[in-house]
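Beneath this line is the structure, given in structure tokens, with notes to follow.
Coordinate-derived values only; no laboratory data. Please read these numbers as outputs of a predicted model, since none were measured by experiment. We place every Cβ from the backbone using ideal geometry, glycine too, and count neighbours over all the protein chains shown.
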Amino acid sequence: MGALTESLLTLARADAGELEMPLAAMDIARVVTEVVRSSTVIGESRRILVTADLRSPTVTTANEAGIRRLLLILVDNALKHTPAGGVVTVSALPVNGGVALEVRDNGVGIPHDALPHIFERFFSADASHGGPGAGLGLSIAQAIAAAHGSEIAVESAPGQGSRFSLLLKS
């Protein structure tokens, strides 16, 4: 209940333009490495490989706690929707003076008719999923991206996996 309340408060702050995301220089590679390391235990328990794709330089201006939370949300979703034997990869790549972040998997993918709705609060593309969560994670991730002047893009197809990406400008 506490996590749900905190998630709703985060979204309410974002709606009111009060989501505090003070920006500072940070090494995205370090955060990606930490997220991958912490997610590896869950991945291994489900026989899913969690990897990082890092290329220097990956120093940018961002809110470290916010980016960590965003990546954890995306990786958690990827792990939930990737079957045993699958792969989840988190990338941080330099692009045009910024850093492109990406989480991709070779999981079940998202149905085409669900794609326009995945960032809506309480939406679940798979009602039979029945796992923990209230359908707020992607809404929070999008709010964090917006606080960084970015937007999350998604590419997905059933049976082909998903790719979530955003660009952080320096």
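If a/c stays under 1.5 just call it rounded; otherwise compare a/b with b/c (prolate if a/b is bigger, oblate if not). Do that for the stretch 33-120, with a ≥ b ≥ c from the square roots of the Cα gyration tensor eigenvalues.
Taking the square roots of the gyration eigenvalues as a ≥ b ≥ c, the stretch 33-120 is oblate.
Could you sort the peptides 73-84, 47-58 by per-residue average Cβ neighbour count (10 Å cutoff), highest mean leading?
Final packing ranking: 73-84, 47-58.
Evaluate the distance, in nm, between pseudo-label points positioned 7 Å from the Cα of His112 and of Asp53 along their respective Cα→Cβ axes.
2.5
Subtracting the Cα-Cα distance from 0.36 nm times the residue separation, let me have the gained length for Phe122 to Ala146 in nm, one decimal.
Net length gain for the segment: 6.7 nm.
Under a point spin-label approximation (7 Å from Cα along Cα-to-Cβ), what is the Ser170-Glu44 distance to one decimal in nm?
3.5
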